[in-house]
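Participant: After the structure tokens below, expect a handful of questions from me.
Read-outs: derived from the displayed coordinates by stated rules, not from any lab. What you are looking at is a predicted structure, and each value in this text was computed from that prediction instead of being measured. We place every Cβ from the backbone using ideal geometry, glycine too, and count neighbours over all the protein chains shown.
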Amino acid sequence: MDVRRTRVLRRAFGFTLIELMVTVAIVAILASVAYPNYMNYLQRGRIIDATTKLSDFRIKMEQWFQDNRTYLNAGGVACGIADPAAAPTDSFTVKCDPATATATSYVVTATGISGTLVEKFQYSLTVNAGGTLRATDKVPAGWTAAANCWTMRRDGSCG
């Protein structure tokens, strides 16, 4: 009798191959839904880096303008302040285009660094006598770019 009980108990402790395959399939389906959403969440978080840098640059340029009454540097050939250096952990580089800078206007762009989640994004900020124009110049496939604001989500909604 003891021998039979031992055999019965041994069979009750394992999983069948079908049970294991069903479990793996469920985990794979959950991962296929969760991973793209997680990557989208990370991209949206990095976009804030670009808009923050652009806003910070604008504040510094306005301070420069208040002190010097021009957006140009002392030589009159470029933006008044130096472009902020991109740290290795940053996702975007911010540059003021000296060719577009005048005494009363400038254009500054934030471009995604190659090899990051946001490498296909580019945002711009134009400041001139007419006011401030925020634009999304480039977005990756599957995203909708907005011409008059900074795109924050795939559907083109702005922040």
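Participant: Helix-only mean residue ellipticity at 222 nm, the chain, DSSP H runs n ≥ 4 weighted -39,500 (n - 2.57), per residue, nearest 500. What is it? Walk me through the intermediate numbers first.
Facilitator: On the way: 2 runs with 63 residues, N = 159.
Estimated from H runs of four or more residues: -14500 deg cm²/dmol.
Participant: Sort 20-31, 133-144 by packing, meaning the average of other beta carbons within 10 Å per residue, with the highest value first. Please report the intermediate quantities before stating the final value.
Facilitator: On the way: 20-31: 10.5, 133-144: 15.2.
Descending packing order for the listed peptides: 133-144, 20-31.
Participant: Does anyone have the angle between helix 2-12 and the longest principal axis of the chain? Alpha-carbon axes, 0 to 90°, nearest 10?
Facilitator: Once rounded, the angle reads 20 degrees.
Participant: Please express the Cα-Cα pair-distance distribution P(r) of the chain as a list of whole percents, one per 10 Å bin, running from 0 to the bin with the greatest distance.
Facilitator: Distribution as computed: 10, 29, 22, 12, 7, 7, 6, 4, 2, 1, 0 percent.
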